[in-house]
Structure formats: C-alpha cells, structure tokens
Amino acid sequence: MRAVVCTSFAPLDQLVIEERPSAPLAAGQVRVRVTAAGVNFVDALLVQGLYQIKPPLPFVPGGETVGIVTELGEGVTSHSLGDRVLITSGFGGFATEMVSAASRAVIVPSSLTDGQAATFMQSYMTAYFALVHRAKMQPGQWLLVLGAGGGVGLAAVDVGRALGLKVIAAASSAAKREMAQSRGAVAVIDSSIEDVKARAKEISGDGVDAVYDPIGGKLGEECLRSLREDGQFIVIGFASGDIPKLPANQVLLRNRRVTGVDWGAWVGRNPAENQALVLQVLAKIAAGELNPVEPVSYPFEQAAQALADQQQRNVVGKAVLIP
Ligand SMILES: NC(=O)c1ccc[n+]([C@@H]2O[C@H](COP(=O)([O-])OP(=O)(O)OC[C@H]3O[C@@H](n4cnc5c(N)ncnc54)[C@H](OP(=O)(O)O)[C@@H]3O)[C@@H](O)[C@H]2O)c1
C-alpha cells in the first residue's frame, strides 16, 4: 500500500509518499481500501509539530477516512465485506489502505458522497456539540459565525440554520460568503474590509446571542463586544495563530458568558454521550436537514499542497484527498 508519511516535524513539502507493507489484521479489526481522506486544519499543524499532540515519528497523517471494507478480522460480525465506512482515527488516513477497530468504523449513510463523508465528522460534530450541547442555543436566536467559509465555520452555519437560528456569516472572500449563504446564512459580512462587530450589531438590532469563533486574534476579541445581554462567546479555535485575551470587563457588561469547546477531548471522556450526538447528526443528514458541503478534491500526490491551501485560507468549505 502507499501512504503519505511524516518522517520529521518539518515544513509541509517534506512529506513523502512511501510504499509500505500492509499492516497485519488483528481480531476485532477491519481492513479498508481508502476512497477519500478528509483534510483538516489540525493535520497541517500535526505534521509541522505545531499541535499540542506530537505523534511518534514516522507517522501517517489523516484523521477522517472513508473506504470499503476488504477484510474482516477474527470475530467481526458487525460489518460485511464491501461495507462503506467512515473511520475517525486521529492519524493513518492519508494512505491507500488502513486497519481499524471494527467498533470505530461507522457505516456511511448512502446519501453522502465519499468526499462529504470523509469531511463532515470533525466539522459537524464540533459545530453540533458547540451549539447544542455546550451553548444550548434556542430557535430564533442570533448567531454570528466567524470563519464561516471554513470547515467548522461552515458546519456551524448549516447546523445553526437547522436549529432555527438566524445566522450571520463573516468570511474574507466572496466565494466563502456565497458558500455560507448557500448553507442558510441570513446575512453575510466581509471580514476583510467591514467592521464585523458593528455590522453584526446593526443586522441583529441589539447584538447577537452568540459569537462562534474558530479564528481568535483581534477579530474574536472585538466580536465579544457584539454580544447582547446574556450572550455567549463560543471559543472554537485559533486559526489565526493568535489566542485572544478576552477583556473581563466586556464579559461582565451585559452579563455575557464565555463558553469553551473541546470536542475531541470530550469524546474521549464521554464516548456514549458522543455516540448519541453522532446519531442525531447522522439522522439529520439522512433527513436532509443538514447538508455537508462537497469538498474540493486533491489527488493523493498533492497532500502537501492540500494542507498548504488549507493553512493559507484558500480552501472554501472542506478539502479531501483521493488516493
Ligand atoms: N474546539 C474544537 O473542538 C475544534 C474542533 C475542530 C477544529 N477546531 C479548530 O478550529 C479552527 C478552524 O478549523 P477549520 O477546520 O475550520 O479550518 P479551516 O477550514 O482552515 O477554516 C479556518 C478559517 O479561519 C480563517 N482564518 C483567519 N485567519 C487565518 C489564518 N491566519 N490562517 C488560517 N485561517 C485563518 C479563514 O477564514 P477567512 O478567510 O474567512 O478569514 C479560514 O477559512 C482550527 O484552529 C482548529 O484547530 C477546534
């Protein structure tokens, strides 16, 4: 099999494609022929050694993978040969083949393409966990989504619309804003030239009920001021590379709240609760209430380019590698 391999924490162009022997298949595992591997912001950080988790070297990046089951380990009765499955693994997905515990291989709903299936789990579960489980948003509330043309941002637009929220989408390019509108944003703000805080207050009347922030930095800090009484600032991530220092006086004013979101770590501690949320998201996708975007495709050989495009804000929606 072939795999994209990170041999040292280094710039993206140092990734290599290697021929590797197939991994042995243990009891309870399935072997999968990969058909699509989702590209996430965190993958680019991981291979450069810029993430809080540093996998032992060498490693194969890629945490969201879709493929066809080609072999069943001893004792596996939950799956059949030919099943199309999604594996959320952390690493190992940028390969033509991977091995996984059968319990971690989720059957993909037939309504999703391989690309959609390989790119929705992290983004949609982060958005759903944030808006439903953490922030407990209610229909009719105003939600300002920053980075609304990116992975977790666009998912929040879609989830927000499905929850009956009035979503304002802020993004830096026309293509990203159009994409957010296609997922149900009622208003858009050009974050490259407009005053996002002032525009969000203007559009919502008295300020928004929640700001969903995957970007951080100065923009996030400013947008705290766009919250109305009892509004929540939802901390998702720091794609700008800059962790905002939220002024406590602005939290005190209007009885605002700051809501942290760490979906990945929460899953590790609450697998059963997460499974219930995943089933809710899958049911909404099957019912057509949620519509994950069709990602931009890159051939396997362009893994480094896909990761670079992601890091340089060039990806609208999501990106996927096709082996
Ligand atoms: N809390 C959690 O559980 C959780 C889960 C998943 C991901 N995350 C985090 O969420 C963040 C966003 O992830 P994502 O998958 O949405 O990434 P993405 O698809 O690359 O989108 C990030 C967006 O951030 C904006 N951005 C602003 N400044 C940027 C910069 N200097 N570099 C890159 N992007 C910049 C861009 O939007 P504009 O061009 O419109 O400004 C871009 O579209 C990451 O920090 C990730 O680690 C958190």
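Taking region 1-37, which residues are of a type in the set (Val, Ile, Thr) and farther than 27 Å from residue 295 by Cα?
Initially, region 1-37 is screened for residues of a type in the set (Val, Ile, Thr), giving 4-5, 7, 16-17, 30, 32, 34-35.
Of everything in region 1-37, just one residue is of a type in the set (Val, Ile, Thr) and farther than 27 Å from residue 295 by Cα, namely 7.
One residue stands out among those in region 172-203 that are among the β-branched types (Val, Ile, Thr) and over 23 Å from residue 120 (Cβ atoms): the one that is surrounded by the most Cβ atoms within 10 Å (Cβ to Cβ), which is 189. Might you let me know whether region 12-24 holds any residue that is assigned to a loop (DSSP other than H, G, I, E, B), over 17 Å from residue 97 (Cα atoms), touching a helix residue (DSSP H, G or I) at 6+ places or on another chain (Cβ under 8 Å) and at pLDDT 95 or above? Checked against the condition, which is being assigned to a loop (DSSP other than H, G, I, E, B), over 17 Å from residue 97 (Cα atoms), touching a helix residue (DSSP H, G or I) at 6+ places or on another chain (Cβ under 8 Å) and at pLDDT 95 or above, region 12-24 yields at least one hit.
Within the group 198, 175, 162, which residue is outside the structural domain of residue 65 (by TED's automatic domain parsing), away from the ligand (no atom under 13 Å from the Cβ), in contact (Cβ under 8 Å) with a residue 40 or more places away in the chain and small (Gly, Ala, Ser)? Spell out the reasoning first.
On the way: 198 fails: in contact (Cβ under 8 Å) with a residue 40 or more places away in the chain; 175 fails: away from the ligand (no atom under 13 Å from the Cβ).
Selected residue: 162, the only one of 198, 175, 162 that is outside the structural domain of residue 65 (by TED's automatic domain parsing), away from the ligand (no atom under 13 Å from the Cβ), in contact (Cβ under 8 Å) with a residue 40 or more places away in the chain and small (Gly, Ala, Ser).
When region 156-171 is limited to residues that are over 16 Å from residue 139 (Cβ atoms) and in contact with a Lys or Arg (Cβ under 7 Å, 6 or more places away or on another chain), the one that is surrounded by the most Cβ atoms within 10 Å (Cβ to Cβ) turns out to be 169. A Cβ distance below 8 Å, combined with a sequence gap of six or more or placement on separate chains, defines the contacts here; from region 132-153, residues that are without any contact (Cβ under 8 Å) to a residue 60 or more places away in the chain reach residues that are within 12 Å of the ligand (Cβ to nearest atom) and not in a helix (DSSP H, G or I) in the pairs 148/169; 148/170; 148/171; 148/188. If the condition is being within 21 Å of residue 23 (Cβ to Cβ), among the polar types (S, T, N, Q) and in contact with a helix residue (DSSP H, G or I) (Cβ under 9 Å, 6 or more places away or on another chain), then region 78-119 contributes 78, 88, 89, 96.
Need a quick list: strands (runs of 3 or more DSSP E) entirely within region 74-124 having at least 3 residues that are in the same structural domain as residue 310 (by TED's automatic domain parsing), over 12 Å from residue 34 (Cβ atoms) and among the aromatic types (Phe, Trp, Tyr). First the steps, then the outcome.
Working: elements: 84-88, 97-101, 105-107.
In region 74-124, there are no strands (runs of 3 or more DSSP E) which contain 3 or more residues that are in the same structural domain as residue 310 (by TED's automatic domain parsing), over 12 Å from residue 34 (Cβ atoms) and among the aromatic types (Phe, Trp, Tyr).
All of 235, 188 fail the test of being more than 19 Å from the chain's Cα centre (by Cα), within 16 Å of the ligand (Cβ to nearest atom) and β-branched (Val, Ile, Thr), apart from 188. Say we look at region 228-250 and pick out the residues that are part of a helix (DSSP H, G or I) and polar (S, T, N, Q); which of these is surrounded by the fewest Cβ atoms within 10 Å (Cβ to Cβ)? In this case the residue turns out to be 249. For beta carbons closer than 7 Å, sequence separation of 6+ or different chains, a first residue in region 120-131 that is more than 9 Å from residue 155 (Cα to Cα) and a second that is β-branched (Val, Ile, Thr) and more than 10 Å from the ligand (Cβ to nearest atom), the qualifying pairs are 121/88; 131/159.
Pairs meeting the criteria (first residue in region 259-270 and polar (S, T, N, Q), second residue more than 8 Å from the ligand (Cβ to nearest atom), beta carbons under 9 Å, at least 6 apart or on different chains) are 259/134; 259/135; 259/210; 259/232; 259/233; 259/234.
Within 11 Å of the ligand (Cβ to nearest atom), farther than 30 Å from residue 19 by Cα and β-branched (Val, Ile, Thr), is that true of residue 243? Before you say what the answer is, go through the steps one by one.
Details: within 11 Å of the ligand (Cβ to nearest atom): yes; farther than 30 Å from residue 19 by Cα: yes; β-branched (Val, Ile, Thr): yes.
Yes.
Residue count for region 130-155 satisfying the condition of being within 14 Å of the ligand (Cβ to nearest atom) and either more than 26 Å from residue 64 (Cα to Cα) or surrounded by 23 or more Cβ atoms within 10 Å (Cβ to Cβ) (or both): 14. Scanning for something among the hydrophobic types (A, V, I, L, M, F, W, C), over 24 Å from residue 283 (Cβ atoms) and touching a Leu at 6+ places or on another chain (Cβ under 8 Å), does region 73-84 turn up at least one residue? Scanning region 73-84 turns up at least one residue that is among the hydrophobic types (A, V, I, L, M, F, W, C), over 24 Å from residue 283 (Cβ atoms) and touching a Leu at 6+ places or on another chain (Cβ under 8 Å). Entry remark, region 205-220: residues being in a helix (DSSP H, G or I) and crowded, with 22+ Cβ neighbours inside 10 Å number 1 in total.
Of the strands (runs of 3 or more DSSP E) lying entirely inside region 251-323, those containing at least 2 residues that are over 16 Å from the mean Cα position of the chain (by Cα) and away from the ligand (no atom under 13 Å from the Cβ) are 257-260, 296-299.
The values are calculated or read from the model by the stated rules, or taken from the named source; none is laboratory data. These numbers come from a predicted model, not from an experiment. Virtual Cβ from ideal backbone geometry, glycine too; neighbours counted across all protein chains shown.
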